[in-house]
Amino acid sequence: MSLTIEIKDAKGAKAGTFDLPAEIFDVQVNVPLIHQVVTAQLNAARAGTAKAKNRGEVSGGGKKPFKQKGTGRARQGSTRSPNQRHGGVAQGPVPRKYDERTPKKMIKAANCSCGFRKIIRNA
């Protein structure tokens, strides 16, 4: 069984037909595999450069802001702690890599599956 597809010119008019042998597209459409490969490619394109300074990376804050006892206020040891204004961020983002290695056979199978799906939908 062969698959007949239409060939169109640059203007979109029908220019002819072409018969594809069934052996080329003897694959099943694997949507989860397509999703996995596309997600991996999109993740690999991410920069992953988000960064926030923690309390040790913020400049200043070495001196105790006020004495420990006798003020009636809550004790504080640094003006750069996360609960202070202009303080560091507690558990903020750090640079990381989002890429994951996808096997070449999986990429090839996903591309074949996408091509077959596109031909079936347009046929």
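What follows is calculated from the coordinates using simple rules that are stated; it is not laboratory data. These numbers were taken from a predicted model, which means no experiment stands behind them. No Cβ is skipped: glycine too gets one built from the backbone with ideal geometry, and neighbour counts run over all protein chains shown.
At a glance:
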quantity	calculated
Gain on full stretching of the segment that runs from LYS64 to ALA47 - 0.36 nm per residue minus C-alpha separation	2.3 nm
Square roots of 5 times each gyration tensor eigenvalue, C-alpha, the stretch 52-92, largest first, Å	21, 10, 6
Rounded FRET efficiency, nearest 0.05, which uses the C-beta distance separating ARG75 from HIS35 and R0 of 30 Å	0.05
GNM flexibility winner over the chain from THR49, THR17, THR39 (Cα, springs under 10 Å)	THR17
Calculated Rg/Rh (Cα atoms, Kirkwood Rh) (choose from [x] 1.44; [y] 1.07; [z] 1.01), label	[x]
Cα-centred dipole magnitude for the chain, charges only on beta-carbon of K, R (+1) and D, E (-1), debye, nearest 20	1700 debye
Gaussian network model of the chain, Cα within-10 Å springs - most flexible of ARG46, ARG96, ARG73	ARG73
From phi via Karplus (6.51, -1.76, 1.60), per-residue ³J(HN,Hα) for the stretch 88-105 in Hz, x at Gly/Pro	x, 9, 7, 6, x, x, 10, x, 8, 9, 9, 6, 9, 7, 9, x, 4, 5
Positive-end residue of MET106, PHE66, ILE120, charge dipole of the stretch 46-123 with Cβ unit charges	PHE66
Under 5 Å, built H, 5+ apart or other chain: amide partners of LEU20	LEU3, THR4, ILE5
Residue-averaged 222 nm ellipticity for the chain, from DSSP H runs of 4+ at -39500 (n - 2.57), nearest 500	-9000 deg cm²/dmol
